[in-house]
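To start, the structure itself, in structure tokens.
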Amino acid sequence: MIEGRDFLRAFEYLEGMADEVGGRTQTGRAYYAAFLEARTFCETHLGYIVRKSGREHGEIPQVLTTLDWRSTDNLVFLRRLRNVADYDLNVSAVTIAEQASWSGTIARSIIARLDELADTSDDDSRVSPISDDV
């Protein structure tokens, strides 16, 4: 079965396009890689019930924020980049290329952090909030 992180393969493939369309699409794939991983994490470890609706894009950060605010902020920022890439056609190709690069880095960092948090889960598959000192 496909996982959210699998969308990073499409992100990497699209690097070969090296144009504005590729950059815009890369940003979307990076966002969905991170978002779907976060949704699965929240479902598995925090008891979130998947609704498969657009409202989840706001709900998942709210659920995740008590556990790891940095990843939450990154996910919210990544969604903003995706919205720019998808809807604002007046943004320059140079900016789109920069955003595509950032989006891959951000998505990978979110996924890595979720993996760390999952590794710290206890026997009942629940994780506890991590302090800011981590």
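Say we join alpha carbon atoms closer than 10 Å with springs in a Gaussian network model of the chain; which of ASP19, ASP73, ASP88 then has the biggest fluctuation?
Per the Cα network of the chain with a 10 Å cutoff, ASP88 tops the list.
Could you check the spin-label model distance between VAL21 and SER109? Points 7 Å from the Cα along Cα→Cβ, value in nm.
About 3.1 nm, to one decimal.
Dipole magnitude of the chain about its Cα centre, charges +1 at Lys/Arg Cβ and -1 at Asp/Glu Cβ only, in debye to the nearest 20?
Using only the charged Cβ atoms, the result is roughly 500 debye.
If the elastic network links every pair of Cα atoms under 10 Å, which of GLY16, GLY54, GLY28 fluctuates the most in the Gaussian network model of the chain?
Answer for the Gaussian network model of the chain: GLY54.
What does a probe at THR120 reach in the stretch 31-67, counting residues whose amide N is under 11 Å from the point 7 Å along Cα→Cβ?
67
Averaging the inverse of every distinct alpha carbon separation and then flipping it gives the Kirkwood radius. What is it for the stretch 4-119, in angstrom units?
Taking the inverse mean of 1/r over all distinct Cα pairs, the stretch 4-119 comes out at 14.1 Å.
Once you sort the root eigenvalues of the Cα gyration tensor of the stretch 46-93 as a ≥ b ≥ c, which label holds: rounded (a/c under 1.5), prolate (a/b larger than b/c) or oblate (the other case)?
Verdict is oblate for the stretch 46-93.
No value in this document is a laboratory result; all are computed from the given coordinates. Only a predicted model underlies this, so the values are computations on that prediction, with no experimental measurement involved. Using ideal geometry, Cβ is built from the backbone for each residue, glycine included, and neighbour counts are taken over all protein chains shown.
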